[in-house]
Amino acid sequence: AQLHYSVPEDREPGFSVGDLAKDLGVEVRSLAARNLRLVSESGQRHFQVDLAAGVLLLDSRLDREALCGQSPTCSLHLQLVMENPLQLHRVEVDVLDVNDNAPQFPKPEVVLEITEVANPGTRLPLEVAEDPDMGSNSISTYELSPSKHFALSINVRGDGVKMPEIVLEKALDREKVPVHHLTLTALDGGIPVKSGTARVTIHVLDANDNPPVCDPPISKVLLEENVPVGTLVTKLNVTDLDEGPNGDVEYSFKTSNNAPGKFTKLFSLDARTGEIRTKAPLDYEESSAYEIAVRARDKGSPAMEGHCHLRVELIDINDNSPEIVLTSVSSPVQEDAAPGTVIALIGVKDSDSGDNGQVRLQIAKELPFKLVSSFKEHFSLVTSGPLDREKASGYNITVRAVDSGSPQRATQKTFYLRIADVNDNAPNFSSPFDTAHVQENSLPGTSVFSVSASDPDEGSNAKLSYSILDNGMQDAPISTYFRIDQDNGTIYTVRALDYEQDKVFQVPVEVKDAGSPALSSTAVVHVFVLDENDNAPSIVYPSVPKGSAFHQAIPALAEPGYLVTKIVAVDADSGHNAWLSYQLQESAEALPFQVERRSGEIRVAQALRESEDSHRLVVEVRDNGTPSLSASVVIVISPEENSMQDFSKSLDLPQPSSEDTNLTLYLIISLVSISVVSCVMFGLVAARC
């Protein structure tokens, strides 16, 4: 806690300053037990504590002027320390000024000189009395002892100090009164009033009877700060009606021995011309005005002097650029941050005044941010629109501070704001539909196709994993046919594929990111199984057990070209692998028969001899695959008399099933259908892109 007391400076030791026990809210008898101690922050002991009464007492007489000098306020700071529990209290004691000092002149006697021809109204400046007291206790006025020739005039300086001057009211006559003795009294405003006196001796001189006169005696000059060194401030207008040395004026600064003017370091005075110039840079921010006192003294004997008072007021110019202070920056910021989210706190300051110190902040209009004024010279940078990290992963934000001076001064500061990613983009395949081909009977683990997807997010939001979905289009789950590498999207076979069982697969692939929540998309890969020549031709007619022969009778006089029979075969493969050709295996003897290569018809190649016995033919059926596969059948042809049977009946061909008869047609239709579907899908993809 902090306690506050006041005590006049003239109180004797033992004076009660304040009731500590009451103000601290503790019992008096506990003060000694709690070891109450008093500590002075200045190191000097002016007070003591009466533990028995619980009051703060004055230990020594206080002198406000010795403690605080000319300061308008005078306070002594103490610390009270109590134990059990340990507590610290601060005590501030204001030392009140009392009128204990009388005014005092720098010199007890002042000697002045004045010519006998001085005109009424001539002024003789006097030194100012000093009073260490403050406020109303300081010097209030001056009084001059009665005189027929002189009166007292009091002028008030710009800083409020009263300047006494003796004014000649009646012409002098040195031959009658060569010396005048006066008493100057300085009175303060205290109660009771205190005073101080100085003897004033005025010698009346002959000759130089006109002092230099400053016109005007008090003037003001406006001057811009930062003018070049050597700039003319003013030229004093001083006149002296005398001639010769009595009218030749020299100028000098008038300063006090106790407080030499600071203006002497900043201004120079030409003693001959009275020109006042700058001799150091002037800064409005350091001081806005200067009071200059100039003494104008002629070269008469005795010399006479006049006084000029000049007030130089500086005009602030815009010589300080604004300063930008980044108090706080929230980086990174989520890309889904709502409009109005605070990004940074910015402060500005300008040492200039007026319009020169009025600062406004600016940022580029194309940025999704805006500046909001929090209070004077403090701003908040907030979002003004949606952020998209995929379009801009960060922003170089340049804040520009411009003042209202002329010419304007500006400062800018740039900082980088990073945008943090959120999972707002689903993975995207390069194509929603893809086509792949795989050879049937390929070994399990064969690479079929690699799908590729991308995600514009970053980090875990862009970490992709692939999987295969079951579409239910096959008898068995699609996962029993294919698998996919979840990291790179490569599709592999799980088992060997059979073209004759499944010619095409639709493999739905899903890609999913690792964001929260996870986002996904799908694509379909059409896997076409390429046929392999893995099926040998199968002879449908004639159908004979393995290892047996087919017997066919023909007329003994059959003419060349006679159709003996026809071999009918099929091949489960497709395309070139199902193109069949028929031929007779070579034998040791020449046979009078031939087989049509494409149709499989066996005809008589040359006329038969009557004595010929039966002929044994081995017909081989071979496909067009690589390597080529074949099948064969043994046919025994026996010429017989009067054998004129109808070939269509003799063939006795079994009626093949519609599946066997139209197998090739179905294959063609399937291929055409798949081609049409693929073209339509590619067209849709192209239109979508």
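The values are calculated or read from the model by the stated rules, or taken from the named source; none is laboratory data. Since this is a predicted model, take the numbers as computed values, not measurements. Ideal geometry is used to build each Cβ from the backbone, glycine not excepted, and the neighbour counts take in all protein chains shown. All accessible areas refer to the heavy atoms of the entire protein, side chains included, with ligands and DNA or RNA removed. Shrake-Rupley method; radii C 1.70, N 1.55, O 1.52, S 1.80 Å.
Observations on the model:
- Of all residue pairs spaced 6 or more apart or on separate chains, those with beta-carbon atoms under 8 Å, a first member in the range 1-13 that is open to solvent by less than 50 Å² (accessible area, probe 1.4 Å) and a second member that is of a type in the set (Phe, Trp, Tyr) and not in a strand (DSSP E or B) are Val7/Phe15.
- In the range 288-315, the residues that are under 22 Å from Lys265 (Cα atoms) and in contact with a helix residue (DSSP H, G or I) (Cβ under 6 Å, 6 or more places away or on another chain): Tyr290, Ile292
- Residue match in the range 60-70 (condition: assigned to a loop (DSSP other than H, G, I, E, B), modelled with pLDDT under 80 and either open to solvent by 40 Å² or more (accessible area, probe 1.4 Å) or more than 29 Å from Ser138 (Cα to Cα) (or both)): yes
Here is a yes/no grid of residues against (1) touching a Leu at 6+ places or on another chain (Cβ under 7 Å); (2) open to solvent by less than 60 Å² (accessible area, probe 1.4 Å); (3) of a type outside the set (A, V, I, L, M); (4) part of a strand (DSSP E or B):
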| position | (1), (2), (3), (4) |
| --- | --- |
| His180 | no, yes, yes, yes |
| Leu184 | yes, yes, no, yes |
| Pro211 | no, yes, yes, no |
| Val221 | yes, yes, no, yes |
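- The range 129-145, residues that are open to solvent by 40 Å² or more (accessible area, probe 1.4 Å) and out of contact with any helix residue (DSSP H, G or I) (no Cβ under 7 Å at 6 or more places or on another chain): Glu130, Met134, Gly135, Ser136, Ser140, Thr141, Glu143
- Members of the range 127-141 that are modelled with pLDDT of 80 or more and charged (D, E, K, R): Glu127, Glu130
- Some residue of the range 296-306 being basic (Lys, Arg) and either crowded, with 16+ Cβ neighbours inside 10 Å or assigned to a loop (DSSP other than H, G, I, E, B) (or both): yes
- Unique match (being in a helix (DSSP H, G or I) and surrounded by fewer than 13 Cβ atoms within 10 Å (Cβ to Cβ)) among Ala32, Ala21: Ala32
- One residue from Leu282, Leu345 being assigned to a strand (DSSP E or B) and without any contact (Cβ under 8 Å) to a residue 60 or more places away in the chain: Leu345
- Of all residues making up the range 400-420, the number that are open to solvent by 60 Å² or more (accessible area, probe 1.4 Å) and under 18 Å from Arg389 (Cβ atoms): 2
- 1 or more residues open to solvent by 40 Å² or more (accessible area, probe 1.4 Å) and not hydrophobic (A, V, I, L, M, F, W, C): qualifying strands (runs of 3 or more DSSP E) within the range 549-595: 549-555, 563-566, 580-584, 593-595
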